[in-house]
1. Restricting to the stretch 196-222, give me the number of residues that are among the basic types (Lys, Arg), within 17 Å of Val167 (Cβ to Cβ) and in contact (Cβ under 8 Å) with a residue 12 or more places away in the chain.
2. It is to be established whether one or more residues within the stretch 31-43 are at pLDDT below 90, closer than 18 Å to Val129 by Cα and of a type in the set (Val, Ile, Thr).
3. Would you check which residues across the stretch 104-126 are modelled with pLDDT of 95 or more and either among the aromatic types (Phe, Trp, Tyr) or more than 14 Å from Val227 (Cα to Cα) (or both) and list them?
4. Could you pull out every one of the helices (runs of 4 or more DSSP H) wholly within the stretch 25-129 that has 1 or more residues that are under 26 Å from Gly158 (Cβ atoms) and in the same structural domain as Thr142 (by TED's automatic domain parsing)?
5. For the stretch 160-182, give me each residue that is loosely packed, with under 12 Cβ neighbours inside 10 Å and of a type in the set (S, T, N, Q).
6. Being among the polar types (S, T, N, Q) and loosely packed, with under 14 Cβ neighbours inside 10 Å narrows it down to one residue among Gln143, Gln157, Gln185, Gln200; which is it?
Amino acid sequence: MVQAASRPAHRSGESRSESPSESPRVLARKREILRAAAEVFRRQGLHATGMRDIAAAADMAVGNLYYYFADKQALLAFCQEDALAGLLELAARVRATELPADQRLWLLVVGHMLRLHEATPGAIAHLDVDGLAPAARTAVLTQRDAYEETFREVVRQGASERLFRDVDPKLAALTLLGALNWTAQWYRPGGGKTARALGQEMADLLVRGLLADGKRLRRPAVPDDLVPVENGDAPP
């Protein structure tokens, strides 16, 4: 149970720092809280974790936690909105390149893994759309569809360039994103592989699965700043 007396007067699903003028310091602190929350989510499960658990993991008073997040819905919304903002930036960067479709897709996969597991901590919360307040859920689903369209687009491009087999772009996009997002259930930072290394291996596997007969995998150069990462992997 949380202490109602410690809570500032926000509506459920909102945080006081969601304004466009949010400072870099506040954003950084919110990501630190997400990083601590992620550890509790892994141990206890997302739905069994309360605000007291998150505050304890972040080594802060419950009242201080409520300064950043009005409730757990607000924390989940921030996690998803922050991740999606970064993923849409990634999509825009990849779209702006003149690379062929296979190399664009390879970069999307690697960038997705870096964003999900390094740039925005708490990846498992990224999957819980049903836990959001209705308004936040609608906004997140709209952003997700826009991001998914990037994958559909690159699959269509690959087929038109005769690099990929002729497959259903929607099915291919859902398969790719399903594989990437499900890593939130089993990937553990600090284990045997970094998010960057895992992303590169998954990119090899997933892109190869779409290549047309006779086409070989071509790895593009990965910009060091493909996804800005705070306290994450250093480039190899």
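The values are calculated or read from the model by the stated rules, or taken from the named source; none is laboratory data. All values reported here derive from a predicted model rather than from experimental measurement. We place every Cβ from the backbone using ideal geometry, glycine too, and count neighbours over all the protein chains shown.
1. The qualifying residues number 1.
2. Of the residues in the stretch 31-43, the ones at pLDDT below 90 are 31-32, 34-43.
With the extra rule that they be closer than 18 Å to Val129 by Cα, the set shrinks to 34, 37-38, 41-42.
Adding the requirement that they be of a type in the set (Val, Ile, Thr) leaves none.
No.
3. The answer is Arg104, Leu105, Trp106.
4. 72-95, 101-114
5. Ser160
6. Residue meeting the stated conditions: Gln185.
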